[in-house]
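Here the structure is laid out as structure tokens; the discussion comes afterwards.
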């Protein structure tokens, strides 16, 4: 609806409100002032003061329907009023005719088709010797990767890796060398089993 959530200031209602826009007759509970919202179409209250109720909307729709004859009479009066701009009078007349189902006649001329238009187009092209040209034979373009490689070699020359001979596979020796075992090497950490001299002398003095 047009009045839903539309609020204006007191100065707007006092100086700028058009005649066809109605202010809600409800009041605010907190201050008791008149509501500043726009009333629902065909009603005198906004959606916050009962305008959204089903029965209120039905009554509003009935009131709008009852004013249809009056609105049509106004349109007819404006259409016949010489003081109204001619363009506006034409718009009013067209609106009245459209609402009564009277629209401008639309004539669709249907011509008999004796020949397929696509077939006629191809026949015209094929009959004209200048319309067709022989196909040109063009050489295939080189592969992008080959062309890029050739350009690279032309700029910086061949790389050293390209001039080197391919590496040969290393020959495996007939017999693998024998690694020394731990038992074959003298152990430097092997401790002696003979006690020191002073211990031997002490043991000899024992009874």
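Bear in mind these aren't lab numbers, they're just calculated from the coordinates by the rules spelled out. Keep in mind the model is a prediction, meaning the values are calculated, not measured. So basically every Cβ, Gly included, is an ideal-geometry build from the backbone, and we count neighbours across all protein chains shown.
Using only alpha carbon pairs under 8 Å that are at least six residues apart, calculate the relative contact order of region 10-66 and give it in whole percent.
Details: 67 pairs, mean separation 13.5, N = 57.
Averaging sequence separation for qualifying contacts and normalising by length gives 24 percent for region 10-66.
When you count the other C-beta atoms within 10 angstrom of each residue and take the mean per peptide, 109-115, 16-22 line up highest first as 16-22, 109-115.
Modelled spin-label separation between residue 96 and residue 193, with each label point placed 7 Å from Cα along the Cα-to-Cβ direction: 14.1 nm.
Classify region 5-80 from the C-alpha gyration tensor, please: rounded if a/c falls under 1.5, else prolate or oblate depending on whether a/b exceeds b/c. Judged from the Cα gyration tensor, region 5-80 comes out oblate (a/c at least 1.5, b/c at or above a/b).
Would you order 41, 134, 127, 47 from fewest to most other beta-carbon atoms within 10 Å of each residue's own beta-carbon?
Values: 41 16, 134 5, 127 8, 47 21.
The fewest-first ordering by Cβ neighbours comes to 134, 127, 41, 47.
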